[in-house]
1. Within the group 106, 71, which residue is touching a residue at least 40 places away in the same chain (Cβ under 8 Å), buried (at least 19 other Cβ atoms within 10 Å of the Cβ) and of a type outside the set (Ser, Thr, Tyr)?
2. Going through 31, 74 one at a time, which residue ends up being at positive phi and not aromatic (Phe, Trp, Tyr)?
3. Which residue is farthest from residue 111 (Cα to Cα), if the candidates are limited to the stretch 74-89 and must be in a loop (DSSP other than H, G, I, E, B) and in contact (Cβ under 8 Å) with a residue 40 or more places away in the chain?
4. If I ask for residues that are of a type outside the set (Gly, Ala, Ser) and either in contact with a helix residue (DSSP H, G or I) (Cβ under 6 Å, 6 or more places away or on another chain) or more than 23 Å from residue 110 (Cβ to Cβ) (or both), which ones from the stretch 58-73 would you list?
5. Kindly provide the set of residues from the stretch 26-57 that are more than 13 Å from the chain's Cα centre (by Cα), within 18 Å of residue 68 (Cβ to Cβ) and of a type outside the set (A, V, I, L, M), ordered by number.
6. State whether one or more residues within the stretch 97-106 are within 15 Å of residue 8 (Cβ to Cβ), assigned to a strand (DSSP E or B), touching a strand residue (DSSP E or B) at 6+ places or on another chain (Cβ under 6 Å) and at pLDDT 95 or above.
7. Which one of these is assigned to a loop (DSSP other than H, G, I, E, B) and either surrounded by fewer than 15 Cβ atoms within 10 Å (Cβ to Cβ) or of a type in the set (S, T, N, Q) (or both): 37, 19?
Amino acid sequence: MKGRVLAAGRAEGRALVLDEPLSLWGGMDPHSGKVIDARHPQQGAQLSGRVLVMRAVRGSSSSSSILAEAVRAHSAPAAILMAEPDLILAVGAAVAAELYGVGVPVVVLSPDDLALIADGAALRVEPDGTVT
């Protein structure tokens with residue numbers, strides 16, 4: 001499958017398919033890489049090194065700083081795949097790439113393609129938005 005690239009990069013990891021949208025601000029601890037939102041069904045899930053798969057992000061402009069801090073702390077997701085574009089996460093990925101030299105690909109897939117990804121599946125994300 002191939003998606004629209006919001007932040008380019010190459011990554012590999014196991015999919016973590018979220019049941020509900022997540023805001024990184026207040027939803028992810030950037031130091032541990034865990035979901036900390038007490039109301040999220042996957043509270044406690046480890047995002048570090050995983051390919052985060054979610055329909056949408058629950059918005060917060062501060063999510064970009066949380067993503068960049070997670071990259072600095074080596075606890076960021078390997079990549080983020082979504083069905084709805086979120087430029088805030090793309091900004092966080094771009095800032096992290098510039099400051100820390102680590103790219104977190106952010107790719108928008110069609111809802112149908114996103115639905116094909118099983119939790120735990122081994123995924124590879126290419127700079128052109130190809131996901132295998």
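The values are calculated or read from the model by the stated rules, or taken from the named source; none is laboratory data. Bear in mind that the values here come from a model prediction, so they are computed numbers and not experimental data. In this analysis, Cβ positions are derived from the backbone assuming ideal geometry, glycine residues included, and neighbour counts consider all displayed protein chains.
1. It is 106.
2. Matching residue, one of 31, 74: 74.
3. The extreme case among them is 75.
4. Correct list: 66, 67, 69, 71, 72.
5. 26, 29, 31, 32
6. Our first condition is that a residue be within 15 Å of residue 8 (Cβ to Cβ); within the stretch 97-106, this holds for 97-98, 101-106.
In the following step, the residues that additionally are assigned to a strand (DSSP E or B) were identified as 106.
Applying the additional criterion that residues be touching a strand residue (DSSP E or B) at 6+ places or on another chain (Cβ under 6 Å) yields 106.
Now drop any that are not at pLDDT 95 or above, which leaves 106.
The answer is yes; a qualifying residue exists.
7. Answer to the check: 19.
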